[in-house]
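**Student:** Sharing a structure below in structure tokens format, with a few things to ask.
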Amino acid sequence: MKPEEIAKSIFARNPEIKELHITADGQAFRDLHAAESHAQRSKYQKIASIKRDGKAKEQTTPRKWQKLQK
């Protein structure tokens, strides 16, 4: 399932959520730090941040890893 589809489903059931962070393995988090922590322990390192209005930020690796990869 694509991150946008996951977000749409969660947003429909939870009107109070304004933004979700979804890891490449399909886990959704309200908190970016929680998503980064999960991604760090997983082989799936990409995170998509999606707002309720449908705008999605580019998928990124967690900030800690960006420093290590340079």
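The values are calculated or read from the model by the stated rules, or taken from the named source; none is laboratory data. These numbers were taken from a predicted model, which means no experiment stands behind them. Don't worry about glycine lacking a Cβ; one is built from the backbone with ideal geometry, like all the others, and counts go over all protein chains shown.
**Student:** Any idea which of Ala39, Ala48, Ala35 is of a type outside the set (D, E, K, R), crowded, with 16+ Cβ neighbours inside 10 Å and assigned to a strand (DSSP E or B)?
**Tutor:** The match here is Ala48.
**Student:** Tally up the residues in the stretch 28-49 that are closer than 16 Å to Met1 by Cβ and modelled with pLDDT of 95 or more, please.
**Tutor:** Qualifying residue count, the stretch 28-49: 2.
**Student:** Now, a different point. Residues of the stretch 14-32 being touching a residue at least 12 places away in the same chain (Cβ under 8 Å) and outside any loop (DSSP other than H, G, I, E, B), which ones?
**Tutor:** Glu19, Leu20, His21, Ile22, Thr23, Ala28, Leu32
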